[in-house]
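What follows draws every value from the coordinates through simple rules; no lab data is involved. Treat the numbers as computed from the prediction; the structure is a model and nothing was measured. Positions of Cβ are backbone-derived with ideal geometry, glycine not excepted, and every protein chain shown enters the neighbour counts.
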Amino acid sequence: MTKSIFIFIAVLLLSFPLTKLYGDFTLVDQLLFSFPLILFLGLPHGAIDNVLFLRNTNEGNTKFILVYVMMVGAYISLWFLSPTTAYILFLFFSAYHFGQSQFSHYVKSSNLLIKLLNFSWGVSLLSGLVYFNQSDINQISASINFIDIEVLHGENLMFWIFLISTTSVVVLFIVLSVRGILTTETLAMELLVLFLIHICFVLMPLFVGFTLYFVVLHSLKVLQEEYTFLFKVKSRSSLVKFIKLLAPLSILSIFGTIALFCLIYYELLPISYGYLFLIIISSITFPHIFVMEKFYSISRKE
């Protein structure tokens with residue numbers, strides 16, 4: 001059992017009684033809990049994309065940042081041109097990325113079966129999150145500026161997507177285990193992890209459950225992988241260097257997001273907080289996916 005899985009189980013066991021004692025969480029309460037954790041512990045795992053992508057290359061940092069910003073800008077533009085398309089693509093990218101991160105330390109190469117597992121696992125995660133939190137999803141849908149989201153998150157549709165994707169994950173686990181790519185112990189542990197994540201989504205409110213997964217099992221895991229990749233010798237000085245690498249873009253992202261939220265608060269930006277947060281996260285995720293694809297490819301070779 002990895003440290004991240006142990007921490008996730010511990011946090012889940014500790015959080016559940018507290019949420020029950022508190023009572024019903026409104027969406028505002030959930031955001032007050034989730035937003036700082038995602039902002040300060042979630043966003044930093046993409047703050048050194050330039051360092052990871054440019055490792056062992058002769059390409060300049062300026063060129064990378066220019067392309068990265070252009071990709072972010074292009075995705076923001078897509079939200080204004082076709083928000084439904086932008087939203088669906090975001091779900092596809094996120095599903096693959098979550099699965100990719102989950103199985104990165106098990107595989108030495110990324111073949112078609114592994115890619116299918118990555119995507120199926122991510123779809124199971126996201127569809128379960130939506131299916132088990134329909135009331136919160138319906139409230140959020142009312143504040144989002146496009147109506148197709150209600151159709152996309154229909155309870156019946158989510159049930160079938162969840163069932164098919166989860167079944168696909170189990171079948172792919174068995175196939176990979178038979179082929180010797182995943183051990184029986186790994187198979188059992190990953191089935192337990194997926195079960196615990198969905199239990200978290202059942203027991204916890206929407207944003208609280210997702211935040212526990214995103215921060216503990218995704219972001220902190222990726223940060224650990226990035227640290228190990230950049231600093232083979234785990235010393236105090238290396239940790240300080242790592243934090244210094246994370247700091248500039250992390251601080252920029254945090255204060256930039258807060259500034260945009262202030263514009264909404266003072267009615268200078270006529271969109272909802274949820275819609276803005278969705279645009280920000282999806283636009284940053286778009287180039288981040290390509291960086292992490294290269295990162296995992298390089299790290300497997302090293």
The convex hull of the Cα atoms of the stretch 242-302, divided by residue count, gives a volume in Å³ per residue of 88
Quick calc: nm separation of the 7 Å Cα→Cβ label points for residue 134 and residue 183 -> 4.2
For the chain, the helices passing both cut-offs (Cα extent along own axis of 18 Å or more, Kyte-Doolittle mean at least -1.0, full DSSP H runs) are 3-22, 61-81, 83-102, 112-131, 155-178, 184-203, 236-265, 273-301
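Could you rank the peptides 255-268, 25-38 by their average count of other C-beta atoms within 10 Å per residue, with the highest value first?
Values: 255-268: 12.1, 25-38: 16.4.
Result, highest mean first: 25-38, 255-268.
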Distribution output for the stretch 124-277: share of Cα-Cα pairs per 10 Å bin in percent, first bin at 0, values 9, 24, 29, 26, 11, 1
Taking the square root of 5λ for each eigenvalue of the C-alpha gyration tensor of the chain, the equivalent ellipsoid has semi-axes, largest first and in whole angstrom, of 28, 26, 20
So the pair-distance distribution of the stretch 51-97, from every Cα-Cα distance in 5 Å bins, comes to percents of 5, 19, 18, 18, 17, 14, 7, 2
